[in-house]
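**Q** Quick one: structure below, then a few questions.
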Amino acid sequence: MSDTPSVLIVEDEPDLADLYAAWLEEECRVRTAYDGAEALDAIDETIDVVLLDRRMPGLSGDTVLDTMRERSLDCRVAMVTAVEPDFDIVEMGFDDYLVKPVSGDELVDVIDQLLLRSTYDDQLREFFALAAKKALLDDQKTAAERQSSQEYAELEDRLAVLRVRVDDTMQELLAQDGYRQLWRDIAGESFETE
């Protein structure tokens with residue numbers, strides 16, 4: 001991901017899509033698609049976040065979302081729709097859900113949250129890959145061999161730095177009220193950040 005996130009707005013009401021784009025253009029590189037087929041043509045690996053309307057003529061947002069996930073596109077998706085959520089959302093592959101009407105601040109906030117979650121996911125993926133390598137070396141090499149290895153020392157240093165970054169990112173996520181409540185729901189207990 002570059003410093004300026006790339007956002008695809010998929011909305012069948014052109015005036016609304018253009019309004020969303022105007023709200024976001026200072027913060028993001030914005031593309032718009034006015035129907036599902038156009039969205040599938042526009043989305044590629046450069047898109048960081050998709051703001052996707054659910055109810056559109058032709059290809060629905062649900063179908064667009066399913067197709068995106070089948071293509072294994074590595075982007076975050078927020079449904080931005082007038083459709084009230086129902087139990088059918090449980091199996092859907094989106095990352096967040098906003099019910100219209102939405103404000104520009106809400107769109108910016110959801111994009112920021114989704115990008116932060118992506119950063120956290122990337123950090124966790126790297127952390128666990130390095131931790132697996134360390135565990136393997138711990139199992140296969142003697143303490144003396146590990147102590148004399150520059151590569152092993154660098155691995156330990158990288159793990160320590162990454163652990164701090166993961167913790168910092170998690171604290172930033174938890175500082176946001178929605179994620180603090182989500183953590184409470186997941187943990188089943190009261191959780192306070194430091």
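The values are calculated or read from the model by the stated rules, or taken from the named source; none is laboratory data. Computed from a prediction, not measured in an experiment: that's the story for all the values here. Cβ coordinates were reconstructed from backbone atoms using ideal geometry, including for glycine residues, and neighbour counts include every protein chain displayed. Accessible surface areas use protein heavy atoms only, side chains included; no ligands, DNA or RNA. Shrake-Rupley method; radii C 1.70, N 1.55, O 1.52, S 1.80 Å.
**Q** Assuming LEU173 fulfils every condition listed in (1) over 22 Å from the mean Cα position of the chain (by Cα); (2) modelled with pLDDT under 85; (3) surrounded by 16 or more Cβ atoms within 10 Å (Cβ to Cβ) apart from one, which condition is it?
**A** The single condition LEU173 does not satisfy is (1).
**Q** How do the pairs read when you match residues in the range 1-26 that are over 15 Å from ALA82 (Cα atoms) with residues anywhere that are open to solvent by 50 Å² or more (accessible area, probe 1.4 Å), using Cβ under 6 Å and keeping only pairs 6 or more apart or on different chains?
**A** Close Cβ pairs satisfying both conditions: THR4/ARG29; SER6/ARG29; SER6/THR46; LEU8/ARG31; PRO14/TYR34.
**Q** Within the range 1-49, which residues are open to solvent by 70 Å² or more (accessible area, probe 1.4 Å), of a type in the set (Phe, Trp, Tyr) and in a helix (DSSP H, G or I)?
**A** Hit for the range 1-49 is TRP23, nothing else.
**Q** What tally of residues in the range 72-95 results from selecting those that are free of Cβ contacts under 8 Å to residues at least 60 places away in the same chain, farther than 11 Å from VAL49 by Cα, in contact with a Lys or Arg (Cβ under 9 Å, 6 or more places away or on another chain) and not in a loop (DSSP other than H, G, I, E, B)?
**A** Going through the range 72-95 one residue at a time, the tally reaches 1.
**Q** Same structure again: Just to be sure, is LEU136 crowded, with 16+ Cβ neighbours inside 10 Å and not hydroxyl-bearing (Ser, Thr, Tyr)? Show your work before the answer.
**A** Values: crowded, with 16+ Cβ neighbours inside 10 Å: no; not hydroxyl-bearing (Ser, Thr, Tyr): yes.
No: the conditions fail for LEU136.
**Q** Still on this model: Here are some residues: GLU126, GLU145. Which one is assigned to a helix (DSSP H, G or I), surrounded by fewer than 14 Cβ atoms within 10 Å (Cβ to Cβ) and either in contact with a helix residue (DSSP H, G or I) (Cβ under 9 Å, 6 or more places away or on another chain) or touching a residue at least 40 places away in the same chain (Cβ under 8 Å) (or both)?
**A** When all the criteria are applied, what remains is GLU145.
**Q** Which of (1) open to solvent by less than 50 Å² (accessible area, probe 1.4 Å); (2) over 18 Å from ASP96 (Cβ atoms); (3) outside any loop (DSSP other than H, G, I, E, B) is the odd one out, the single condition MET56 does not satisfy?
**A** Checking MET56 against (1) open to solvent by less than 50 Å² (accessible area, probe 1.4 Å); (2) over 18 Å from ASP96 (Cβ atoms); (3) outside any loop (DSSP other than H, G, I, E, B), the one that fails is (3).
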